[in-house]
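A short write-up of the structure that comes next.
The values are calculated or read from the model by the stated rules, or taken from the named source; none is laboratory data. What you are looking at is a predicted structure, and each value in this text was computed from that prediction instead of being measured. Virtual Cβ from ideal backbone geometry, glycine too; neighbours counted across all protein chains shown. What goes into the accessible areas is simple: the full protein's heavy atoms, side chains included, and nothing from ligands, DNA or RNA. Shrake-Rupley method; radii C 1.70, N 1.55, O 1.52, S 1.80 Å.
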Amino acid sequence: MTKLFSTIGLEIHVELKTKSKMFCGCPADHFQVKPNTHTCPVCLGLPGALPVPNKTAIDWTIMIGLALDCQINHESTFDRKHYFYPDLPKGFQISQYDDPFCQQGYLTLDSGKKILINRVHLEEDTAKLIHKKINNKDVTLVDFNRSGVALVEIVTEPVVTSGNEAKEFLKKLRDILRRLQVSDCDMEKGSMRLEANISLTADAKHLAEYKVEVKNLNSFRFVDQAINYEIERQTSLLEQGITPTQETRGYDDLKKQTFSQRIKEAAGDYRYFPEPDIPPIVLSKEYVENLRKQLPKLPETETAELVQRFHLNNSTAQLLVKDAVKLSYFKKYLTEIEPVKLANLIINKKIDLTKPLLLKTAAQAVDLKIIEKVIRENADAVAKYKAGKTSVVGFLVGQVMKQTHGKVDPKQAQQELLKHLRGVSS
Amino acid sequence: MKLNQLNLQEALDGLKNQLFSSKELIQACLDQIKTKDKYLHAFLTLNSQALKEAEAADQDKIAKPLKGIPYALKDNFLTEGIRTTASAKVLDEFIPPYESTVSARLKAAGAICLGKTNMDAWAHGSSTETSDYGPTHNPWNLNYLPGGSSGGSAAAVSADMCTFAIGSETAGSVRQPSAWCGVTGFKPSYGRVSRYGLIAMASSTDSPGPICKTVSDAALITQVIAGQDPYDATTSALPVANYSQNLNKTSLAGLKIAIPQEYLSKDLAPQVRQLIQKAIEQLAKLGAKLKPVTLLDPQYSIGVYTLVQRSEVSSNLARFDGVRYGQDRSAFSHEAKNRCLLGTYALSSRYHGEGEYYNQAQKVRTLIIQDFAKLFKSFNLYLGPTSPGPALKLGASQNNPMFGEMEDRLVEAAAISGLTGISVPCGFTNGLPIGLQLTGPQFSEQIVLNAAHAYQKSTAYHLLKPNLNYD
Amino acid sequence: MTVDVQYLAKIIQMPVKPAEAKQLQAGFAKTIETVKLLNQLDTTNISPNFQVSGLTNIFREDKIDKKRVLTQTQALTNAKHTYQGYFVVPAILHET
């Protein structure tokens, strides 16, 4: 049996949370907005309308590229990508093909493996399609509120080899994007969308001749499952000597299977050419360096620092870094209480992060003499306990707390009391 | 003289001195349209509010450069609330919800749009014969074409149905119909006038421009419509000069004008050659220094222009899918299909296939741009005939898959390089007008206008009007 | 190399009847001959000029432009088929 190598590439689309759309001044938010109320001649594709690029969207795209260690192209252009679909008002999408903003970067997994990034480019989003039955007829409704929203496309090289790796990559990517504050990366709202290209090859040095594209992956978990399913499915076919069909497949999360989708059109020929309505973008080294300076500390760096400076273990540090609230709480109180302890308290949800940290001295161990004393001095209560009124333990715990001036851990006190009460009941 | 026969300068003076009202001026034009347009078919849609707007202009106390002046607008400029079709059935019922920058600026300047003029459908042509609504006829002879694609606008000016008109040029579409109709057509540089709201033909060469009765009029209109537009990323930030005020030179001393020999080639009609020679002598008398030069063979410009333009056309027509507006794509006519097919082929074979035509065309475009750059190091302008001959008969454009591009071969090099140029009447042959083109480097509008103005003031061809007795 | 006009017409969704196709095919061939002349010129080391604006770095600030936003009525005004604020098209058979 020839060994098969998985070659998986991921394609991620991220909606930028700019105020306005990519090529016009319409509001970019479209979540729960009345249909076709955030449109203008440009994003509606009316005749005569012209695109003018959003500077912030470009800056953020470059920052994403820098955070992913990409090379930033000195000169970039937007290109027209042609195909017909009702969600594409101009009959072409303004995207980038020949000269994208960012190329050849990487993201490092915990194992040290680098997931190479082919490109990070900027484009515009399409309209939303909703399927409905009106008067018993199947139709599709189109809402252009989302049309023209700034969309960043991140494409990896086909170097991912498993569902797990894909999941880890996506989590780290999302953390970076959220840290940069360029997108909410909310899969449910659609501000982050995933596709996986999966194929298997017998020769590790050569890509397979086919590629299966899996779309509609609505969570990282589904990506993992879909990839695993596909590897199995394709392996089985290849072992029978059958080359899997080059196609687009969807993912059914109930059946946990991918399924073939009808190919919408010959996707191959997009007839790319440079967008004549938008002059090229030339980025000086100074401009890019200035953006680099504005980058916040990235999760990887932050995590490494926490590990190094405060001796946290890696996973604890990662959990803190992931959550802005947790991280800032940690940073606020790390001088007042031992950092490792503080981190654990935060991670294990033992502290209310909405309230300032109250420092208690460590609970003393329960003095057994005091337990015995309380039992001796409260014979009625003890009798009640033995008679079946177990709730009286609470009163006895209170007595212990009184005697110890609240310095012991009440749970521990209760434990010791019960031990003695049970032991004594003879 | 009837009010509709006045040129812009005369109309402005008349209104200023209260010799007549805007309402009377508009009414005179509307009357002219009523009597003559049934023969000429220059207009597709009339603005029902024109007279009301004229009345408002007469009451308006605020000074505006074109207050109360009636104009005709080519039907590929979007007018809010007024049907806009680009002479194509696909847009038969299209009522735009927004205004083009050009017409908005004219409105702000006080001008009144009389209506939308006929054109080659989607501006694909040099005859106005490919209009889905039937051709416009040349006011000089109804059996002849007015040229195109701004044929309706040129005919409207020539027949005194308005004070001035607006056209658009992708390669010759302002200047050629102006030449064929005996009026003045000015093409500002690419990037000088906003394309926002102009139905795109070739995005990298489209240039709105005025069609007028005089050069002086064209200068004033250009001033009003030119200038950077935040809605058009290809517009220049260069300040717009007071072109009309600066039109004071009547001597052309020191001006160096090149005469490209390729534009006076063998296939030029002998009468045209004679008229151009006469114009050369006239310009020399005015003080200009003229010298023959060699430019890249126009056949290459035809190839570049045909390929680049048709590629961009095929892309720009993709938005007409009938979902948000218009008819579905089966309503496209023959010429649109003709051009889109080549354009699609060119773009398809960009990365694969035998062609690579697109990339080669854009490289040759660079050669042509460099060719002009070299020329303009030693010369201020060049001249030639605007068109290889006078107007052609109705039907001339049919069964000719490259009619438009062939007719415009004397202006295509300039178009793909973004240059600015003008066509002014320079004589007649067989009762049909001939136009002289003066073309300069990008953003040299003042020099072009100055030279044309001086030439026009020393000649009287532009004062001759067609005999409009068609009954 | 003959170009399939029907195939191209299909890509750009401009249906062409057989008689028309013949005419267009002939015209197409003639036009290609004109374009082929460009190959006579040597363009080694010449970079293409896709634009003649001469401009670079033309942007807009990330601001909302209320002046251009259309009302729902305006947006839908030229559509043949609308439903409760949406444009309507025949059912797309699968979601992408």
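Looking at the structure I just gave you, is B:Leu410 more than 14 Å from chain C (Cβ to nearest Cβ), assigned to a loop (DSSP other than H, G, I, E, B) and of a type in the set (A, V, I, L, M, F, W, C)?
Working: more than 14 Å from chain C (Cβ to nearest Cβ): yes; assigned to a loop (DSSP other than H, G, I, E, B): yes; of a type in the set (A, V, I, L, M, F, W, C): yes.
Yes.
The one condition from (1) acidic (Asp, Glu); (2) open to solvent by 60 Å² or more (accessible area, probe 1.4 Å); (3) in contact with a Ser or Thr (Cβ under 7 Å, 6 or more places away or on another chain) that A:Asp277 does not meet is (2).
Within the range B:344-356, is even one residue in contact with an Asp or Glu (Cβ under 8 Å, 6 or more places away or on another chain) and facing chain C (nearest Cβ under 7 Å)? Scanning the range B:344-356, I find no residue that is in contact with an Asp or Glu (Cβ under 8 Å, 6 or more places away or on another chain) and facing chain C (nearest Cβ under 7 Å), so the answer is no. Can B:Ser153 be described as hydroxyl-bearing (Ser, Thr, Tyr), in a strand (DSSP E or B) and either in contact with a strand residue (DSSP E or B) (Cβ under 8 Å, 6 or more places away or on another chain) or farther than 18 Å from B:Asn76 by Cα (or both)? Spelling it out, it is not the case that B:Ser153 is hydroxyl-bearing (Ser, Thr, Tyr), in a strand (DSSP E or B) and either in contact with a strand residue (DSSP E or B) (Cβ under 8 Å, 6 or more places away or on another chain) or farther than 18 Å from B:Asn76 by Cα (or both).
Could you tell me whether any residue of the range B:424-436 is within 27 Å of B:Ala361 (Cα to Cα), assigned to a strand (DSSP E or B) and of a type in the set (S, T, N, Q)? No, the range B:424-436 contains no residue that is within 27 Å of B:Ala361 (Cα to Cα), assigned to a strand (DSSP E or B) and of a type in the set (S, T, N, Q). Determine whether the range B:197-212 contains at least one residue that is touching a residue at least 12 places away in the same chain (Cβ under 8 Å), within 14 Å of chain A (Cβ to nearest Cβ) and on the phi > 0 side of the Ramachandran plot. Yes, some residue in the range B:197-212 is touching a residue at least 12 places away in the same chain (Cβ under 8 Å), within 14 Å of chain A (Cβ to nearest Cβ) and on the phi > 0 side of the Ramachandran plot.
Among strands (runs of 3 or more DSSP E) entirely within the range A:87-174, having at least 3 residues that are more than 21 Å from A:Arg193 (Cβ to Cβ) singles out A:102-108, A:128-134, A:137-143.
Among the residues making up the range A:219-260, those that are closer than 20 Å to A:Met187 by Cβ, among the polar types (S, T, N, Q) and in contact with a Gly (Cβ under 9 Å, 6 or more places away or on another chain) are A:Gln225, A:Asn228, A:Thr258.
If you go through the range C:44-64 and keep only what is within 23 Å of A:Pro274 (Cα to Cα) and within 7 Å of chain A (Cβ to nearest Cβ), you end up with C:Phe50, C:Gln51, C:Ser53, C:Leu55, C:Thr56, C:Asn57, C:Ile58, C:Phe59, C:Arg60, C:Glu61. Among the residues of the range A:178-196, those that are in contact with a helix residue (DSSP H, G or I) (Cβ under 7 Å, 6 or more places away or on another chain) and assigned to a helix (DSSP H, G or I) comprise A:Arg179, A:Leu180.
Inspect all residues belonging to the range A:177-192 and state whether any of them is among the polar types (S, T, N, Q), modelled with pLDDT under 90, within 21 Å of the chain's Cα centre (by Cα) and surrounded by fewer than 17 Cβ atoms within 10 Å (Cβ to Cβ). Steps first, answer last, please.
Initially, the range A:177-192 is screened for residues among the polar types (S, T, N, Q), giving A:181, A:183, A:191.
From what is left, the residues that are modelled with pLDDT under 90 are none.
So far as the range A:177-192 goes, no, none of its residues is among the polar types (S, T, N, Q), modelled with pLDDT under 90, within 21 Å of the chain's Cα centre (by Cα) and surrounded by fewer than 17 Cβ atoms within 10 Å (Cβ to Cβ).
Any residue at all in the range B:364-386 that is at the interface with another protein chain (Cβ under 10 Å from one of its Cβ atoms), more than 24 Å from the chain's Cα centre (by Cα) and outside any helix (DSSP H, G or I)? The answer is no, given that none of the residues of the range B:364-386 is at the interface with another protein chain (Cβ under 10 Å from one of its Cβ atoms), more than 24 Å from the chain's Cα centre (by Cα) and outside any helix (DSSP H, G or I). For first residues located in the range B:20-41 and modelled with pLDDT under 95, partners that are open to solvent by 10 Å² or more (accessible area, probe 1.4 Å) and lie 6+ apart or on another chain with Cβ distances below 8 Å do not occur.
Looking only at residues in the range A:1-49 that are of a type in the set (Val, Ile, Thr) and within 27 Å of the chain's Cα centre (by Cα), which one is nearest to B:Leu198 (Cα to Cα)? It would help to see each step written out before you state the result.
So in the range A:1-49, the residues of a type in the set (Val, Ile, Thr) come out as A:2, A:7-8, A:12, A:14, A:18, A:33, A:37, A:39, A:42.
Next, only the ones that are within 27 Å of the chain's Cα centre (by Cα) stay: A:7-8, A:12, A:14, A:18, A:33.
Values: A:Thr7: 48, A:Ile8: 46, A:Ile12: 36, A:Val14: 33, A:Thr18: 29, A:Val33: 31 Å.
This residue is A:Thr18.
Scoring A:Lys215 on the criteria (1) at pLDDT 95 or above; (2) under 15 Å from A:Ser260 (Cα atoms) leaves a single failure, condition (1). How many residues, within the range B:41-96, are away from chain A (no Cβ under 14 Å) and hydrophobic (A, V, I, L, M, F, W, C)? Total satisfying the criteria: 14. Selection of the range B:71-120 for residues being open to solvent by less than 10 Å² (accessible area, probe 1.4 Å) and among the acidic types (Asp, Glu) yields B:Asp75, B:Asp120. The C-beta contact set for the range A:67-96 (first residue more than 8 Å from every other protein chain (Cβ to nearest Cβ), second residue surrounded by 22 or more Cβ atoms within 10 Å (Cβ to Cβ) and of a type in the set (A, V, I, L, M), distance under 6 angstrom, 6+ apart or interchain) comprises A:Leu68/A:Ile117; A:Cys70/A:Val120; A:Ile72/A:Ile62; A:Ser76/A:Ile281; A:Phe78/A:Ile278; A:Asp87/A:Ala127. State whether one or more residues within the range A:100-116 are in contact with a Ser or Thr (Cβ under 8 Å, 6 or more places away or on another chain), facing another protein chain (nearest Cβ under 9 Å) and buried (at least 21 other Cβ atoms within 10 Å of the Cβ). No, the conditions are met nowhere in the range A:100-116. Quick one: in the range A:50-65, of everything that is within 28 Å of the chain's Cα centre (by Cα) and open to solvent by less than 10 Å² (accessible area, probe 1.4 Å), which residue is nearest to C:Thr56 (Cα to Cα)? Looking at residues that are within 28 Å of the chain's Cα centre (by Cα) and open to solvent by less than 10 Å² (accessible area, probe 1.4 Å), I get A:Pro53. The conditions of being surrounded by fewer than 24 Cβ atoms within 10 Å (Cβ to Cβ) and either within 25 Å of A:Pro279 (Cα to Cα) or touching a residue at least 12 places away in the same chain (Cβ under 8 Å) (or both) are not met by B:Ala123.
Check whether at least one residue in the range A:307-314 is assigned to a helix (DSSP H, G or I), open to solvent by less than 60 Å² (accessible area, probe 1.4 Å) and at pLDDT below 95, and report yes or no. Yes, because at least one residue in the range A:307-314 is assigned to a helix (DSSP H, G or I), open to solvent by less than 60 Å² (accessible area, probe 1.4 Å) and at pLDDT below 95. Inclusion of C:Lys67 among residues that are of a type in the set (D, E, K, R) and within 14 Å of chain A (Cβ to nearest Cβ) is warranted. Yes or no: the range C:28-45 includes at least one residue that is more than 27 Å from B:Thr366 (Cβ to Cβ), assigned to a loop (DSSP other than H, G, I, E, B) and open to solvent by less than 50 Å² (accessible area, probe 1.4 Å). Checked the range C:28-45: no residue is more than 27 Å from B:Thr366 (Cβ to Cβ), assigned to a loop (DSSP other than H, G, I, E, B) and open to solvent by less than 50 Å² (accessible area, probe 1.4 Å). Residues in the range A:17-48 that are aliphatic (A, V, I, L, M), more than 7 Å from chain C (Cβ to nearest Cβ) and crowded, with 24+ Cβ neighbours inside 10 Å: A:Met22, A:Ala28, A:Val42, A:Leu46. Remark: pairs (first residue in the range B:294-309, at the interface with chain C (Cβ under 9 Å from one of its Cβ atoms) and free of Cβ contacts under 8 Å to residues at least 60 places away in the same chain; second residue among the aromatic types (Phe, Trp, Tyr) and in a helix (DSSP H, G or I); Cβ separation under 9 Å; 6+ apart in sequence or on different chains) = B:Leu307/B:Tyr357; B:Leu307/B:Tyr358.
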